[in-house]
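Everything below concerns the one structure shown next.
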Amino acid sequence: MPPSLVLSFKENSSAIAQSPDSVVVQSPLVQGNIPPDTLNLNSLSPGLLAAVRMLAAEGGTEEELSDLVLQSDGVAELPKFYYYLQQFISLGLICHTIICEGLPLATRVPFSPSDRFKFRKAAIDQKYVLSRFAYCRKEQGQLVLESPLSHAQIILADGRGAVAIAELAKPQTCGELSSAIPGISQETIQLFLSLLLSSEMLGEVKADGKIQEEENETLVQWEFHDLLFHSRSRKGRHSNPMGKTFRFKDKIEQPPMVKSQMSDDIIDLYQPDIETLKAEDYPFTRILEERQSIRRYNDEPITDKQLGEFLYRSARNKRIVSKDYGDCTHRPYANSGGRYELELYVIVNTCDNLPSGIYHYRPDTHQLCRLIGRNSQVEELLENAGTATGELYMPQVLIAFAARFQRAAWVYESIAYANILKNVGSLQQTMYLVATAMNLAPCAIGAGNSDLFAAAVGTDYYAETSVGEFILGSKSTE
Ligand SMILES: Cc1cc2nc3c(=O)[nH]c(=O)nc-3n(C[C@H](O)[C@H](O)[C@H](O)COP(=O)(O)O)c2cc1C
């Protein structure tokens with residue numbers, strides 16, 4: 001039996017009869033304040049009504065659907081059928097399923113209305129290879145193929161589809177693939193490759209052995225993980241719930257606003273008088289204009305008093321705000337949703353009156369909790385930060401920002417990690433400005449070792465580890 005391509009409405013979309021000849025077609029509901037797309041179809045002919053019902057039920061091939069219209073209404077209604085079909089496709093409502101020997105082999109499911117499905121037929125003798133952006137993963141008990149280049153996902157319902165994907169890691173023609181996979185015809189493979197080709201998952205291998213994405217200077221500069229993160233944490237290329245959805249409310253307790261005290265070895269930090277600073281500080285524009293990254297220090301190290309003032313001015317809790325879903329705080333830097341998931345760990349190399357080691361900063365009491373003294377992990381963290389600046393020596397003080405991830409993920413969906421990284425930027429800039437106002441030497445650091453940090457401090461990598469770094473020291477007078 002030859003394979004067929006069956007069209008149907010996407011799962012959870014609806015086609016609700018309003019009267020005997022009118023139907024409202026609606027896209028699936030998504031959490032997160034996104035209204036569904038709706039299409040009102042009025043004065044439908046009996047054939048068109050039957051075609052819409054077929055799409056909403058078991059689905060049908062384009063020929064079966066158009067035949068319903070042709071037989072019931074005659075040829076005059078056919079353009080209307082194709083017009084409506086195009087509207088459904090433009091709203092991202094139509095799934096395409098390859099049926100092979102009566103069973104589904106693969107289904108293409110559009111993610112959103114940004115999908116512009118256009119069927120591209122694969123050529124029999126042409127070699128094709130999988131895009132380096134395509135990947136398989138498990139979703140709701142099914143294997144799915146996805147790519148950040150695509151506006152759709154392919155459900156691989158049959159293991160032969162998964163075998164074909166594995167084979168496509170190297171260039172293949174339809175004939176080569178069908179002879180490599182038992183029980184699948186060349187015609188079925190051609191349809192399968194057409195579906196992948198129509199979903200930006202596959203590339204046509206040119207005479208030089210390359211596919212188009214390898215010659216595109218914009219795409220070659222994207223790493224797989226960056227493009228996937230970008231496409232999934234912004235709207236447009238997926239239909240996942242986004243924003244404050246509180247998906248774990250009443251299921252999992254949220255982490256507390258402030259982390260509990262990590263040790264009994266407490267150091268009270270110096271608190272500056274904010275009112276005096278407001279009157280006597282450098283003017284704002286001077287601070288802004290003079291801010292710069294400084295990676296070399298004075299021989300005299302930074303003092304505990306300066307560190308206390310620096311942390312107070314950039315990262316203390318200013319006040320608590322009670323919201324219906326829990327307490328949030330205000331601090332000198334902006335942070336998405338007031339969740340303040342970033343914990344500061346002060347890793348001291350040299351600081352007057354503060355022995356070398358790792359300390360946790362308590363933003364509510366403005367204290368340091370001493371965690372560990374200088375050891376090989378502390379040295380490695382400091383050395384890594386020093387190397388990142390291109391200098392040969394360690395910073396005087398490294399401040400590691402560790403995220404309590406679940407504090408953000410409890411509230412946000414799709415954007416929790418992206419927001420955490422943005423909050424790192426917000427804190428880094430605040431620290432730069434405070435350090436400039438205090439005549440200290442500040443510098444943000446772009447990369448750190450989160451495994452090493454978690455091992456040094458003893459946190460669970462998945463619950464809390466470093467996501468950003470900042471180094472600080474005394475400013476050279478030269
Ligand atoms: C997110 C971020 C990461 C950075 N990473 C590093 C780094 O790893 N090493 C370094 O020496 N400077 C780093 N910097 C500092 C930049 O190199 C610096 O801001 C830039 O060159 C502009 O110079 P300025 O800060 O003196 O104006 C980083 C800055 C930011 C904002």
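Some values worked out for this structure:
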read-out	value
Förster radius 35 Å - calculated FRET efficiency between PHE229 and GLN261 (Cβ-Cβ, nearest 0.05)	0.55
Cβ-defined net charge surrounding ARG313, 12 Å radius [Lys, Arg +1; Asp, Glu -1]	+1
Apportionment of accessible area to carbon and sulfur, region 245-474, percent (1.4 Å)	47
Spin-label pair GLU176/VAL163, simplified geometry with 7 Å Cα→Cβ offset, distance in nm	1.8
Mean accessible surface per residue for region 162-257, computed with a 1.4 Å probe while every protein chain stays in place, in Å²	56
Using θ = phi - 60° and Karplus 6.51 cos²θ - 1.76 cosθ + 1.60, couplings along region 109-123 (whole Hz; Gly, Pro as x)	10, x, 7, 7, x, 5, 5, 10, 5, 9, 5, 10, 7, 6, 8
Of LYS278/LYS305; LYS80/LYS235; LYS138/LYS210; LYS10/LYS121, those spanning more than 26 Å from alpha-carbon to alpha-carbon	LYS80/LYS235; LYS138/LYS210
Computed lengthening from TYR82 to LEU392, 0.36 nm per intervening residue step minus Cα-Cα distance	104.7 nm
Contour minus Cα-Cα distance for ASN439 and SER476 (0.36 nm per residue)	12.4 nm
Long-range tail of P(r) for region 245-474 (Cα pairs > 33 Å, %)	13
Column: log10 I(q)/I(0), Debye, Cα scatterers of the chain, q = 0.09, 0.11 Å⁻¹	-0.78, -0.95
Listed residues GLU200, GLU341, GLU275 arranged by accessible area, highest first, probe 1.4 Å	GLU275, GLU200, GLU341
Region 348-461: mean projected area of Cα convex hull, nm²	8.2
Approximate spin-label separation GLU64-PHE248, in nm, with each point projected 7 Å along Cα-to-Cβ	4.4
Between region 408-477 and region 73-147, the Cα center-to-center distance that results, in Å	43
Computed E for HIS330/SER114 - FRET, C-beta separation, R0 35 angstrom, nearest 0.05	0.40
Exposure rank, largest accessible area first [SER314, SER179; 1.4 Å]	SER179, SER314
Proximal charge balance of ARG120 [Cβ under 11 Å; K/R count +1, D/E count -1]	0
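The values are calculated or read from the model by the stated rules, or taken from the named source; none is laboratory data. Predicted model, so just to flag it, every value in this text is computed and none were measured. Virtual Cβ from ideal backbone geometry, glycine too; neighbours counted across all protein chains shown. Heads up: the accessible areas ignore ligands, DNA and RNA and are worked out on the full protein's heavy atoms, side chains in. Shrake-Rupley method; radii C 1.70, N 1.55, O 1.52, S 1.80 Å.
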